[in-house]
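Just so it is clear, none of the values below were taken in a lab; they were calculated from the coordinates. Since the structure is predicted, the reported quantities are computational estimates derived from the model, not experimental observations. Every residue, glycine as well, gets a Cβ built from its backbone with ideal geometry; the counts of neighbours run over all protein chains shown.
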Amino acid sequence: MLLRVSNLTVHYGKAVALENVSMEVAEGSVVTLVGANGAGKTTLLRAMSGLIPATSGGIWFRDRKINGLQAPKIVEMGLVHIPQGRRLFPYLTVMSNLQLGASLRNDKVAVKQDLDNVFQHFPRLYERRNQKAGTLSGGEQQMVAIGRGLMAAPKLLLMDEPSLGLAPLMVAELVPVIKYINERGISVLLVEQNVSLALGVASQGYALQVGRIVLEGDIEKFKTSEVVKTAYLGR
Amino acid sequence: MNMILTSTVNGLVLSAIYILVALGFGLQLSIMGIFNFAHGAVYMIGAYVTYGLSVALGLNQWVSLLISVILVGASGLLLEKFCFRPFQSKPTHMIVMAIALIMILETAVEVTLGGVTRALPAFVPGIFKAGSISVDNERVLAFAIGAVLLAALTFLIQKTKIGQQMLAVAQDAEGAALQGIDTHRIAATATVIACATAALSGSLMATIFSMNPFMGDNILLKAIQVVILSGIGSIGGVLVGGLIMGFLNAFLPVLINASVGEVITILIVLGILLIRPKGLFGYELF
């Protein structure tokens, strides 16, 4: 198993943010994590990438326990987190943002190759490579965030609400992007409130409700689940 | 005519030093989010280490300067780790820590060496002559070193990988950590650069003017004014802000008098801030 979370509990101060959460992401898969606001989705991703400590339980990535490691160490192992709100460097150029994604890599040739791949897949970014990232549209900024994540040569990409703040047309464009990433052999853990997007690309799913996993399994199960329908699709 | 020339030269020298000190102060502010009010005290220590090695121990003055820059620069590692890192997210604690550092450093020098004003001998004694212009070598040297260092720092920050990482941490520290950037290492690098440039600036100024244990207080105020005037986190802005401050501080004391000059300088800074609250350049030029 590429990523395994076992009985993870996380506190924010005294409040319980996650309680006894267990989940897995298999090599080569696209897994989605759905849930309403405040369910703990972002907290789970932040614990995985070393931004917040776990109270108990463990996270294993490529058979190595990673909770307790510093964030850069986890990136180095190939677990890369594209955070909510993108967190680009707004006063640096698109080019600089992308290159910073490869901060830990020393293989210049492969980095150049990956940069070419990003530009080839997102030609818009090539046009805007010398523009400051903060001046781009929301959709373009999301492409920079995804491109920057890919520049780290990830094995597993954590994507936190890539659809947030995007126009419906841009949201639709995310489906082929995530499929493309997965075809390149990168596993994806997609956190989404836009459940129809999530169900469209994932093969496995988990649903979080106030810090606990309430539904898990094959994505078909989610499409028919009453829990998902009532809570997230508004039907 | 002669007055204008002298003040222009002084303006250039003061600008170069203000810019260097303000750049160090601004780097620490934007990368760690701390106001290092002890930056002026570090500048003073730099001058005293150079003085101690050259005058008291009799080492070559250039070697003394080099050792001072290295020693004070390296002490930045300790400062970052033990004095800044624990207080990075606690601004009020950090202010107390900075004031404590100022008092410890200034008092240590005053108690051991006395509060007397001293002079650091010139690095290159003599007068520089070009046509009808004659300026003492120290000022030419200070300006030249300042300009070269500034160019080097600008290159480092804007064109190298570590420089881009420094800017990334300044703009979004958590976003930077998620790219694998070690934010503590970047903070330590910035502090070392700031301390080393402060030591160099202090030593150069001590040859042109004079030195005493409290020489850092004045330069700290100037650095803060430059940083606020230019807008936090903008190298281009610091250059312009430093030039404005340098020339005001060179001309006003001659045209009016020193104390009134200080007041007018502050009023001009305040006036600019009234018109442009984010400073002359905001964040944009970095």
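Compute the Cα gyration tensor for the protein assembly as shown, then decide on rounded, prolate or oblate, letting a ≥ b ≥ c be the square roots of its eigenvalues: rounded whenever a/c is under 1.5, prolate when a/b is larger than b/c in the other cases, and oblate in all that remain. All intermediate terms of the calculation are to be shown ahead of the outcome.
Values: a/c = 2.67, a/b = 2.28, b/c = 1.17.
Note, shape of the protein assembly as shown comes out prolate.
Sorting the segments B:28-38, B:53-63 by their residues' average number of neighbouring beta-carbon atoms within 10 angstrom, most packed first, yields B:28-38, B:53-63.
Determine the percent antiparallel among the DSSP beta bridges restricted to the protein assembly as shown, to the nearest 5.
The antiparallel fraction comes to roughly 60 percent.
Mind ranking B:196-207, A:113-124 by how tightly packed they are, going by the mean number of other C-beta atoms within 10 angstrom, highest first?
B:196-207, A:113-124
For the listed peptides B:4-10, B:107-113, B:188-194, a ranking on the average number of other beta carbons within 10 Å per residue, highest first, reads B:188-194, B:4-10, B:107-113.
The value of relative contact order for chain B, using C-alpha pairs under 8 Å at least six residues apart, is 37 percent.
Mind checking the stretch A:146-204 for trypsin sites (Lys or Arg not before Pro) that DSSP puts in a loop (not H, G, I, E or B) and that have at most 13 other Cβ atoms within 10 Å?
Values: sites: A:Arg148, A:Lys155, A:Lys179, A:Arg184; in loops: A:Lys155, A:Arg184.
For trypsin sites (Lys or Arg not before Pro) across the stretch A:146-204 that sit outside H, G, I, E and B with at most 13 neighbouring Cβ atoms in 10 Å, the list reads A:Arg184.
Which ordering of B:Lys222, B:Lys278, A:Lys65, A:Lys132 is given by a fewest-first count of other beta-carbon atoms within 10 Å? Intermediate values should be presented prior to the final figure.
Details: B:Lys222 21, B:Lys278 15, A:Lys65 12, A:Lys132 18.
By the 10 Å Cβ count, ascending, the order reads A:Lys65, B:Lys278, A:Lys132, B:Lys222.
Its residue count N sets the reference 2.2 N^0.38 Å, and the alpha-carbon radius of gyration of chain B equals 0.98 times that reference. Using a cutoff of 8 angstrom between alpha carbon atoms and counting only pairs six or more residues apart, the relative contact order for the stretch B:224-282 works out to 47 percent. Peptide A:99-108 has a mean of 3 when you count, residue by residue, the C-beta atoms of other protein chains within 10 Å of its C-beta. Taken residue by residue and averaged, Cβ atoms of other chains lying within 10 Å of the Cβ of B:162-169 number 3. Over every Cα atom in chain A, the radius of gyration and the widest Cα-Cα span, Dmax, amount to 17.2, 51 Å.
Only aspartates and glutamates eight or more places from A:Lys41 in sequence, or on another chain, were considered; those with a Cα closer than 15 Å are A:Glu19, A:Glu24, A:Asp160, A:Glu161, A:Glu192, A:Glu216. Per-residue mean of foreign Cβ neighbours for A:79-91 is 4 (Cβ atoms of other chains, 10 Å radius).
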